[in-house]
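The values are calculated or read from the model by the stated rules, or taken from the named source; none is laboratory data. Being a predicted model, the structure only gives us computed values, none of them experimental. Reconstructed Cβ throughout: ideal geometry from the backbone, glycine too, with neighbour counts over all protein chains shown. When the accessible area is computed, the model is the full protein with side chains, heavy atoms only, and any ligands, DNA or RNA have been set aside. Shrake-Rupley method; radii C 1.70, N 1.55, O 1.52, S 1.80 Å.
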Amino acid sequence: MMATAATCAFFPAANPPPDSGAKSSGNLGGSLPGSIDTRGLNVKKPSFGSLQAKANAQAPPKVNGTKVGVMDGFKNDDDVISSHHPRTFINQLPDWSMLLAAITTIFLAAEKQWMMLDWKPKRPDMLADPFGLGKIVQDGFVFRQNFSIRSYEIGADRTASIETMMNHLQETALNHVKSAGLMHGGFGSTPEMSKRNLIWVVTKMQVVVDRYPTWGDVVQVDTWVAASGKNGMRRDWLLRDSNTGDILMRASSQWVMMNKETRRLSKIPDEARAEIEGYFVDSPPVIDEDSRKLPKLDETTADYTRTGLTPRWSDLDVNQHVNNVKYIGWILESAPMQILEGCELAAMTLEYRRECRRDSVLQSLTSVLDKEVGDFTDFENVECQHVLRLENGGEVVKGRTEWRPKLVNGIGTLGGFDFA
């Protein structure tokens, strides 16, 4: 019987015509019933002893004398057949709504990908260089790159630190060489320089800061190179607010070549000069050269001293010497706290004397010029002298810094001018 029921589940038996009024009956333990419901299950007609229970196909069942309607899931064959729509050509077509939905999804995805490739700015304040890769402008002589000031690049004053801005200068310098197709092997070295184990080293850096950007600001950095004497190169930078065009900082630097193996300075080979002189700009530096001689500074003449400074592994660059931006942080280590809290760095001149290696131990010395140490509240400008040297006395960097009072709640003095 179970086999018969399973077979009927897949191959239902034909139902009697609706108007036949056929009646089915069965005895207890007798033959198989003559009707099968719409689920393919055998429906037994109840019987009690020798009495037969007659079932009227059209009459609804009763429970305790009350008529009960037939649930949708248990409708008889007549109801199921009558509820189906007649088979037509339209009914046999596929469901076009599913196909249209799939096509719409594909087109929306393609449109989204196309919009992602559309790099043109939709607003004037958006970056024209969305990926910060930079580009060559002004007939191929100037390299331009945009930077967004990140939250981890600002200091206690809620403005970008001087180290952050100096790192942007170094980044654009290297990207300039790379974009020009001159980078080969070394850190900014050209192909001819790499053949001779030559690298660039900075000897002097001058910086003037008009205003520090804040978190979320976008700065535009322009850089270019020029000749400096017979065996040197000058690189200048100009930092602007990308939205207003206001100048934020100017910087000018002097560079020479050094042999990577012997660590000695070298003349510029003619082959290397031929590679780079086509990119030289005939223009004056963005900052007038500060030719004032930096006086000698030691423990007896310094007002503040910080000792025991050692490079970390992360302070080294690919040429295995300390990155020149790190020197700035070390110099400011010995600056008095009154200046760091009440003033901001306005200008800086650095002279690099020798390189610092991983095993070096340094001292930072600072002297405040023409001011009484410990009282800077009434001064419009403060000037300091700095020396970063090895423990054995060898000078690594000599520098001069100029400071101006910070603006407090938008009110204060800046460079001798009152702001309210």
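Assorted remarks:
- Hits in segment 162-180 (condition: in contact with a strand residue (DSSP E or B) (Cβ under 8 Å, 6 or more places away or on another chain) and either within 16 Å of VAL137 (Cβ to Cβ) or without any contact (Cβ under 8 Å) to a residue 12 or more places away in the chain (or both)): THR172, ALA173, ASN175, HIS176, SER179, ALA180
- On inspection, ASN319 does not qualify as in contact with a helix residue (DSSP H, G or I) (Cβ under 7 Å, 6 or more places away or on another chain) and modelled with pLDDT under 90.
- Test for THR366: is it hydroxyl-bearing (Ser, Thr, Tyr) and open to solvent by 10 Å² or more (accessible area, probe 1.4 Å): no
- Contacts under 8 angstrom Cβ, first residue in segment 245-273 being without any contact (Cβ under 8 Å) to a residue 60 or more places away in the chain and assigned to a helix (DSSP H, G or I), partner open to solvent by 10 Å² or more (accessible area, probe 1.4 Å) and of a type in the set (Gly, Ala, Ser), 6 or more apart: none
- Residue tally, condition among the β-branched types (Val, Ile, Thr) and open to solvent by 30 Å² or more (accessible area, probe 1.4 Å), over segment 214-232: 1
- Considering ARG235, ARG211, the condition of being open to solvent by 50 Å² or more (accessible area, probe 1.4 Å) and closer than 27 Å to GLU383 by Cβ is satisfied by ARG211 alone.
- Checking SER334 against (1) open to solvent by 80 Å² or more (accessible area, probe 1.4 Å); (2) at pLDDT 95 or above, the condition it does not meet: (1)
- Pairs where the first residue, in segment 142-156, is closer than 12 Å to TYR212 by Cα and the second is surrounded by 13 or more Cβ atoms within 10 Å (Cβ to Cβ) and charged (D, E, K, R), C-beta under 7 Å, 6+ apart: ILE149/ASP217
- Applying the criterion of being polar (S, T, N, Q) and closer than 20 Å to HIS321 by Cα to the residues of segment 176-194, the residue that is most open to solvent (accessible area, probe 1.4 Å) is SER194.
- Neighbours by Cβ (under 6 Å, 6+ apart or cross-chain): first from segment 205-221, over 11 Å from ALA346 (Cα atoms); second open to solvent by 20 Å² or more (accessible area, probe 1.4 Å) and polar (S, T, N, Q): THR214/THR159; TRP215/SER151; VAL218/ASN146; VAL218/SER148; VAL218/SER242; GLN220/ASN146; GLN220/SER242
- Selection from segment 224-266 of residues that are at pLDDT 95 or above and charged (D, E, K, R): ARG234, ARG235, ASP236, ARG240, ASP241, ASP246, ARG250
- In segment 274-306, of all residues being in a strand (DSSP E or B) and more than 37 Å from the chain's Cα centre (by Cα), the one that is surrounded by the fewest Cβ atoms within 10 Å (Cβ to Cβ) corresponds to THR305.
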